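K.L.:
Attaching a single structure in structure tokens format; questions to follow.
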Amino acid sequence: MSTIAVIGGTGYAGSSIVKEAASRGHEVISLSRSLPVEPVDGVSYVRGTAADAEQVVAGADIVIGALSPRAGTEGTLVATYTKLADLAAASGARLIVVGGFSSLRPAPGAPRFAEGDDLPPEFAAEATEGNSVLTALSTSAPENLDWLFVSPAATFGAYTEQGEPRGTYRTSTDVALFDAEGNSAIEGADFARAILDEIEKPTHHRSQIHFAY
């Protein structure tokens, strides 16, 4: 079993990952600005910001960043993940970053959605910042860092009503997956399942991966 530190462990993606990791018997440490109303048994919760990450990264085998540029953190993600990359590299941990759908491409070799000029205005800044994190990892991550940038489906988050988890998912690299009706979706529990499967049996290194139904 691994020691997994989740930065942003009480958000939608982070809390799903924390729950799945704990259910599989991993030692889990969650760092977030608030403590959960319903903590998961066996999980160590630490209250703090990403600036306090050093205390939970030390000794971790896997560091998962599940942060969003919202509620005052806008414009800070590249610097935050650069610091996490350095900390993970120094401790020999694998870094997994939960990114966004907009960092994917509509087709092989096409520009990423975040690089286009037709993003909805309400999502453009967040999409661009998330994509900048991927660019920073791709160009500037320490050479000894085993990093992974994970993009969920387009419909993903607490604001969506997706029904019960399916227990299945599909995998791509940087090209977006859609179902037969043209939808791109995944529920939090299945996204977490996919990430833990990748942790337990790694298939991608220093690259991007995408999970959707």
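K.L.:
Scan (1) among the small types (G, A, S); (2) surrounded by 13 or more Cβ atoms within 10 Å (Cβ to Cβ); (3) free of Cβ contacts under 8 Å to residues at least 40 places away in the same chain for the single condition S132 breaks and write down its number.
P.N.:
(3)
K.L.:
Checking the conditions here, which among A141, A153, A158 is in contact (Cβ under 8 Å) with a residue 12 or more places away in the chain, touching a strand residue (DSSP E or B) at 6+ places or on another chain (Cβ under 7 Å) and over 14 Å from S102 (Cα atoms)? If you could, list the steps in order and put the result at the bottom.
P.N.:
Working: A153 fails: over 14 Å from S102 (Cα atoms); A158 fails: touching a strand residue (DSSP E or B) at 6+ places or on another chain (Cβ under 7 Å).
One residue alone meets the criteria, A141.
K.L.:
Find all pairs meeting these conditions: Cβ atoms under 7 angstrom apart; at least six residues apart or on different chains; first residue within segment 37-64 and without any contact (Cβ under 8 Å) to a residue 12 or more places away in the chain and on the phi < 0 side of the Ramachandran plot; second residue among the aromatic types (F, W, Y) and outside any loop (DSSP other than H, G, I, E, B).
P.N.:
As it stands, the answer is P39/Y45, since those pairs meet every condition given.
K.L.:
Considering only residues that are in a loop (DSSP other than H, G, I, E, B) and under 14 Å from the mean Cα position of the chain (by Cα), look in segment 74-103 and name the one that is surrounded by the most Cβ atoms within 10 Å (Cβ to Cβ).
P.N.:
So the residue we want is G99.
K.L.:
Something else about it: Residues of segment 135-165 being under 22 Å from K201 (Cα atoms) and modelled with pLDDT under 95, which ones?
P.N.:
P165
K.L.:
Using the structure shown, decide if A79 is of a type in the set (A, V, I, L, M), out of contact with any helix residue (DSSP H, G or I) (no Cβ under 7 Å at 6 or more places or on another chain) and at pLDDT 95 or above. Please lay out each step first, then the result.
P.N.:
Working: of a type in the set (A, V, I, L, M): yes; out of contact with any helix residue (DSSP H, G or I) (no Cβ under 7 Å at 6 or more places or on another chain): yes; at pLDDT 95 or above: yes.
It is true that A79 is of a type in the set (A, V, I, L, M), out of contact with any helix residue (DSSP H, G or I) (no Cβ under 7 Å at 6 or more places or on another chain) and at pLDDT 95 or above.
K.L.:
Same structure, new question: Being among the β-branched types (V, I, T) and surrounded by fewer than 23 Cβ atoms within 10 Å (Cβ to Cβ) is the filter here; which residues of segment 187-213 pass it? I'd like the intermediate steps shown before the answer.
P.N.:
First pass over segment 187-213, keeping only residues among the β-branched types (V, I, T): 195, 199, 203, 209.
I199, T203, I209 - these are the residues of segment 187-213 that are among the β-branched types (V, I, T) and surrounded by fewer than 23 Cβ atoms within 10 Å (Cβ to Cβ).
K.L.:
Being in a strand (DSSP E or B) and hydrophobic (A, V, I, L, M, F, W, C): is that true of F123 here?
P.N.:
Values: in a strand (DSSP E or B): no; hydrophobic (A, V, I, L, M, F, W, C): yes.
Criteria not met by F123.
The values are calculated or read from the model by the stated rules, or taken from the named source; none is laboratory data. For clarity, every value in this text was computed on a predicted model and none was experimentally measured. Note that we place each Cβ from the backbone using ideal geometry, even for glycine, and neighbour counts take in every protein chain shown.
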